[in-house]
Amino acid sequence: MTEHQLFLFLAEVVVLVGAARLGGELAIRLGIAQVVGELVAGILLGPSLFGKLWQGGFQALFPPDQAQRSFLELLSWIGVILLVLLSGLETRLGILRHVGKAVVTGWIGGFFLPFLLGFGLGWIVPRDLIGPGIARPVFALFLATAMSISAIPVIARILIDLELFQSRIGMLIISTAVADDTVGWIVLAVVSGLALRHDFDAKTVTVALVGTGLFLVLAFTLGQWLVRRALALSAKLRIPFGQATVILSIVFLGGAITQAIHVHLVLGSFVAGILIARSPGRDPATIDSIWRVGMGFFIPFFFGYTGIKVDVTTLTGSALPIAALAVVVACVGKFVGGGVGARIGGLSRWEALAVGTGLNARGAMELVIAAIGVSIGVLTVPMYTIIVLIAVLTTLMAAPMLRYCVRRDELARARPTPTRTEVLAS
């Protein structure tokens, strides 16, 4: 790294983090999700606006130099790992042991219908929107996964803001989202492994599934024991912030293990977060410090960097109708799948629609999927832009629609049930 490259790297990081945080501040003041503001700030700094208004300034700050971009990519992946870790820490698999029928049917509909619709969309996407050398079945599976996943951190934040987190409907939504994301990350890891092998046949699929299955079995048996021992030993260390070192090392090691077996690092980091959350001996101050560093710097940087890679001007020709169709497929899949599934499970009409609405918020998790898609060559720039737009639009519509559904459900419950005489008279 030359002195100029180092200077430019530091300047880029300051600009991206600063813009993302300002965008998040503005979003909060406007009453919308913080992640949307951070992402939009990055998009405005990218080729869509800044690059068009002042091309020379854009290229001076973000030159098309692969080495320079690789520095930003590495820092961005640290943000991804921390984001997935925090998602894992918020995932409580124990909540799924005592769920009701509505959660099970809501998850089945809310995951598999979007998955099937996304897979079907993958078969009609023009070839020029698919990464070079990527088999269409792999691309279709990747798109299906992107359509079916939700975002636990964003959903939880929306429910907290609406004072619904501890309510019955809030617990139904978050429980369904836990099942959604857990299965989604496993599927994403398998699909990413297929893409990295640049092949799609029975043997490749079997190897990916067996490798993922073995990792999960070992992680929740031997791995859980090792994590508990590591956290217990870290509490005895005299060095400052010893447990923070141990926790972050576990997370990075988990990502390294899955990367080594050709299953994407997000699964290893996500599972590591779950194992840490399930282990006693965690210091709340340590977890809080990781939240602060992650949410205060690395994760906003990831959102900002994700934004500057978006080029809205590429949505022309065949990409434009595909973008519109993808947004419709994403929303319909969750609204109908999650809503009908929850309705079959015994919820009222507006409660069921609230479940579908909550699951539709893709938020930051969709951005992770987009980043993975680009890194493994599955997504072209237009398709990457489409995935990011889905994250923005679904997150934007989640809070107002959820508020409306809850209000209608409360009105329906407050309305007195007509008597038999009143029904006959009408």
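Structure values in brief
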| quantity | calculated |
| --- | --- |
| Net charge of neighbours whose Cβ lies under 13 Å from the Cβ of Phe297, counting Lys and Arg as +1 and Asp and Glu as -1 | +1 |
| Reachable aspartates and glutamates from Lys334, criterion Cα separation under 12 angstrom, eight or more residues apart if same chain | Asp180 |
| Footprinting exposure proxy for Val374, Val191, Val392 (fewest neighbouring C-beta atoms within 10 Å first) | Val374, Val392, Val191 |
| Partners for Lys309 among aspartates and glutamates (Cα-Cα distance below 12 Å; same-chain residues under 8 apart left out) | Glu73 |
| Expected 222 nm ellipticity per residue - DSSP helices of 4 or more, -39500 (n - 2.57), all of the chain, to 500 | -25000 deg cm²/dmol |
| Per-residue Cβ neighbour rank within 10 angstrom, fewest leading, Met1, Met147 | Met1, Met147 |
| Cα-based Rg / Dmax (Å) for the range 3-410 | 20.6, 64 |
| The range 43-50 - phi-based ³J(HN,Hα) in whole Hz, Karplus 6.51/-1.76/1.60, Gly and Pro as x | 4, 5, 7, x, x, 5, 10, 4 |
| Using θ = phi - 60° and Karplus 6.51 cos²θ - 1.76 cosθ + 1.60, couplings along the range 187-192 (whole Hz; Gly, Pro as x) | 4, 4, 4, 5, 5, 4 |
| Note, ³J(HN,Hα) from phi for the range 179-184, Karplus 6.51, -1.76, 1.60, rounded to Hz, x at Gly and Pro | 4, 4, 6, 4, 5, x |
| Residue order, fewest to most beta carbons within 10 Å, for Ser76, Ser279, Ser167, Ser70 | Ser70, Ser167, Ser279, Ser76 |
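Coordinate-derived values only; no laboratory data. The structure displayed is predicted, hence computed values, not measured ones. All Cβ positions, even for glycine, are placed from backbone atoms using ideal geometry, and neighbour counts span all protein chains on display.
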